[in-house]
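Chemist: This structure is in structure tokens; I'll ask about it shortly.
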Amino acid sequence: MTTGRPCKKNVLASVHVAKRHGDRSLGLLAKASKTRMSSPRGRVGRTDTVTQTRFTTRADPRWSAPITTAADAALSRIFSRQVFRELSTNAQSPLLSRLIPQSDVLHSSADAVTLADFFDQAYQRLLRPNRRSAYAYKNLLFKKRLRRSFYSSMAIMDEFRIGAAVADIVTVDTRIRVFEIKSDRDSFARIQKQIPEYQKFGAEVFVVLPATQESLAHSALPPECGIITLSDRNTFKTVRQPSQCIDCINIETICSSLRIDELLSVARQHNVDNIPDSNMHIRSYITDSLSPIPTIDVRHTAISALRKRRFSTEETYSWAQALPESLQYLGVSVKLDEVARGTFSTALARLVLPNGEVL
């Protein structure tokens, strides 16, 4: 039987294993040793920190993503566009039925709750510090920073492709802003490649991240990149304002990011004629035709085209406001017609059981 403090030989062996497998921090190893000391009879139980922590190799290990559990992954997918669209089509979602028991939100002995209550309970779990997913950041951003402008003049695009990158949130009013979210679960490995793509689009770029990463963000992000932090109490703080990189704007990136109808609108405003009928050649032809025009002018007309994506009518406003707080962002980022909105509202009133069955 082993008792008390772990012997020096065992600790040194653990250090050797950590180095051999590329573990990032010996601080975690020290924490694991404390876990051993406090465990009954000095044994390493199933909750030992070393056995539960895995690592990924990154250029800067401080920026790698934490390990998430199966329940965390299920919680994130509950607030997906797929679930939202399925519920708005048939008032039921096969994907959601599979995710409910995986999420551990409802205990097996719990009574049935409405789907609206289930979403709110699941969302409260998403708001836990160090467990917040990208959707939690998006919903909080909309509620606390973007809602007022959205209902007056702003267009919001979710998961918007710009060049070779996909931006979490893009807002367009008189300017283009990108909100790139690096949540509690995300890795920062791709951020250095993403920001230049957004700048080619003429966007002001904010990186939104946990407050614990603020000092690292200052040193790792370019000075023209804005920084917004989210505290453990779920409050935002603008640490640094972004600036636009005019010299970075690239006409090819702008043209590749627009829909065909938007691209045609931009071309007409710049008097591009003889546009081919084939969709295969329209984009390249218009891109070549716009290349002699000042990039700042092309960006201006692109903004006008993108603003037409707004769908914040009074009817949409009223419906989105009536949704549970947990679904506000999905309500304004996924466009639904009147029938689909009614179907989704009906689904929210249905009862759901812990096994995922919707009554």
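Chemist: Please go through the stretch 118-135 and give me each residue that is of a type outside the set (Lys, Arg) and touching a Lys or Arg at 6+ places or on another chain (Cβ under 9 Å), ordered by number. First the steps, then the outcome.
Modeler: Going residue by residue through the stretch 118-135, those that are of a type outside the set (Lys, Arg) are 118-124, 126-127, 129-130, 133-135.
LEU126, PRO129, ASN130, SER133, ALA134, listed by residue number.
Chemist: As an exercise: evaluate PRO292 against (1) without any contact (Cβ under 8 Å) to a residue 12 or more places away in the chain; (2) loosely packed, with under 12 Cβ neighbours inside 10 Å; (3) in a helix (DSSP H, G or I); (4) not β-branched (Val, Ile, Thr) and give the number of the one condition it does not meet.
Modeler: (3)
Chemist: Read through the list (1) more than 30 Å from SER345 (Cβ to Cβ); (2) of a type in the set (A, V, I, L, M, F, W, C); (3) without any contact (Cβ under 8 Å) to a residue 40 or more places away in the chain, then give the number of the only condition that TRP319 fails.
Modeler: (1)
Chemist: Within the stretch 141-175, how many residues turn out to be assigned to a strand (DSSP E or B), surrounded by fewer than 16 Cβ atoms within 10 Å (Cβ to Cβ) and among the aliphatic types (A, V, I, L, M)?
Modeler: The number of residues fulfilling the criteria is 1.
Chemist: For VAL272, indicate whether it is surrounded by 13 or more Cβ atoms within 10 Å (Cβ to Cβ) and over 31 Å from the mean Cα position of the chain (by Cα).
Modeler: Yes; evaluated as a whole, the condition is true for this residue.
Chemist: Can you tell me which residues in the stretch 78-119 are under 22 Å from ASP337 (Cα atoms) and either of a type in the set (Gly, Ala, Ser) or in contact with a strand residue (DSSP E or B) (Cβ under 7 Å, 6 or more places away or on another chain) (or both)?
Modeler: Passing the criteria: SER80, SER88, ALA91, GLN92, SER93, LEU115, ALA116.
Chemist: A further question on this structure: Which of the residues spanning the stretch 338-359 are under 14 Å from PRO94 (Cα atoms) and assigned to a helix (DSSP H, G or I)?
Modeler: The answer is ALA347, and nothing else.
Chemist: Kindly provide the set of residues from the stretch 73-90 that are surrounded by 16 or more Cβ atoms within 10 Å (Cβ to Cβ), within 18 Å of PRO324 (Cα to Cα) and in contact (Cβ under 8 Å) with a residue 12 or more places away in the chain, ordered by number.
Modeler: LEU75, SER76, ARG77, ILE78, PHE79, SER80, VAL83, PHE84, ARG85, LEU87, SER88
Chemist: Same structure, new question: Residue check, ILE254 against (1) more than 24 Å from the chain's Cα centre (by Cα); (2) under 17 Å from THR301 (Cα atoms), all met but one. Which one?
Modeler: (1)
Chemist: From the residues in the stretch 239-254 that are loosely packed, with under 13 Cβ neighbours inside 10 Å and in contact (Cβ under 8 Å) with a residue 12 or more places away in the chain, which one is nearest to SER284 (Cα to Cα)?
Modeler: ILE246
Chemist: Further, regarding this structure: Which numbered condition trips up SER133, out of (1) surrounded by fewer than 22 Cβ atoms within 10 Å (Cβ to Cβ); (2) touching a helix residue (DSSP H, G or I) at 6+ places or on another chain (Cβ under 9 Å)?
Modeler: Exception for SER133: condition (1).
Chemist: Looking at the structure I just gave you, is ALA267 among the aliphatic types (A, V, I, L, M), outside any loop (DSSP other than H, G, I, E, B), in contact with a helix residue (DSSP H, G or I) (Cβ under 9 Å, 6 or more places away or on another chain) and within 25 Å of SER149 (Cα to Cα)?
Modeler: no
Chemist: To continue, here is another question. From SER231, SER257, which residue is surrounded by 20 or more Cβ atoms within 10 Å (Cβ to Cβ) and among the hydroxyl-bearing types (Ser, Thr, Tyr)? Outline the logic, then answer.
Modeler: Values: SER231 fails: surrounded by 20 or more Cβ atoms within 10 Å (Cβ to Cβ).
Only one candidate qualifies: SER257.
Just so you know, all these numbers are worked out from the coordinates, no wet-lab data involved. Just so you know, these numbers come straight off a predicted model, no measurement behind them. In this analysis, Cβ positions are derived from the backbone assuming ideal geometry, glycine residues included, and neighbour counts consider all displayed protein chains.
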